[in-house]
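Laboratory data are not the source of any read-out in this text; all were calculated from the coordinates shown. Keep in mind that this is a model prediction, so the values were computed, not measured. All Cβ positions, glycine included, derive from the backbone under ideal geometry; neighbour counts span all protein chains shown.
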Amino acid sequence: MAKPLPIGTCSYRCGRYANVPLMTGSTAERERTDVRARDRLVQGMLLSIEERGYAATTVLDIVRHARVSKRTFYEHFSSKDDALRALYALAVGNLNTWFADAGRRPKTWEERLRRAVLAFVEGLAAYPGLARTILVELAATGPLSLAARDAAHQAFVDAIRQGVDRLRVAHPELRPLSEDMAVAFVGAIHELMVRELAKPSIDADHVADVGEELLTLMIGPRVSRS
């Protein structure tokens with residue numbers, strides 16, 4: 001069974017509740033209970049996707065995994081597509097966090113780059129059903145999901161550029177990563193993961209090797225030709 005995704009990027013103060021004032025007493029408790037139910041439904045969507053795939057997933061599957069009622073589902077989401085968008089936002093936030101955290105630890109820029117790319121790829125590989133849904137199926141679920149995918153791609157682009165900017169503070173010899181080059185990198189990782197998903201198992205190390213080589217070519221110190 002798939003392990004739950006961390007809820008840190010989609011907890012009490014995010015999503016539809018981001019602008020809700022903090023409250024006290026029984027009203028606040030009801031609000032917290034409401035958010036916990038929503039989080040369980042998002043995890044239920046993840047478990048069902050890993051178990052059956054997105055196309056075969058039904059609302060009944062989601063509520064079975066979440067251990068809540070169908071009525072509770074429709075209090076939070078209008079459809080399984082709506083629940084998928086919430087799961088997608090959570091997954092994107094976690095991938096970006098893992099990418100940023102992994103790139104802070106090693107000392108050399110090569111090690112930091114490798115660790116960051118590997119963390120990003122392993123985050124996708126850990127949930128192959130979700131990865132397949134994000135990378136292959138999402139665009140087919142309607143214009144809102146297509147917009148969510150485009151927004152997530154931009155979030156990946158921004159996270160990678162920010163990671164490179166942090167790397168350049170300690171290693172100023174590295175080149176900045178332009179918007180277009182970051183888009184090309186995200187597209188390359190996307191296509192490599194789609195190919196891996198067609199295989200019996202995902203070779204995260206292979207994808208990370210290619211990703212590391214690409215980023216090194218994009219931002220590595222220029223070699224003098226004189």
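Using only alpha carbon positions, build the gyration tensor of region 157-221, then give the equivalent ellipsoid semi-axes as the square roots of 5 times its eigenvalues, largest first, whole angstrom. Walk me through the numbers before you get to the answer.
Numbers: eigenvalues 125, 28, 16 Å².
In descending order the semi-axes read 25, 12, 9 Å.
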Original post:
When we measure straight from the Cα of K70, which aspartates and glutamates land under 17 angstrom away, once same-chain ones fewer than 8 places off are left out?
Top reply: D34, D39, D61, D81, D82
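Tell me, what does the Kirkwood hydrodynamic radius of region 66-213 come to in angstroms if you use every pair of distinct C-alpha atoms?
Details: mean 1/r = 0.0611 Å⁻¹.
Radius from the Kirkwood sum: 16.4 Å.
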Original post:
Under a plain spin-label model, where a point goes 7 Å from the Cα along Cα-to-Cβ, how far apart in nm are S69 and E213?
Top reply: 5.7 nm
Original post:
Hey, if you put +1 on the Cβ of every Lys and Arg and -1 on every Asp and Glu Cβ in region 161-226, which of L215, I202, P176 ends up farthest toward the positive end of that dipole?
Top reply: P176
Original post:
How high is the relative contact order of region 36-141, in percent, with contacts defined as C-alpha pairs under 8 Å that are six or more residues apart?
Top reply: 28 percent
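Only loop residues by DSSP count here, and only those with at most 15 other Cβ atoms within 10 Å; note down the GluC sites (Glu not before Pro) in region 155-220 that meet that.
Working: sites: E173, E179, E191, E196, E212, E213; in loops: E173.
Answer by residue number: E173.
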**OP:** Provide the packing ranking of 94-100, 147-153, i.e. peptides ordered by the mean count of other C-beta atoms within 10 Å per residue, highest first.
**Re:** 94-100, 147-153
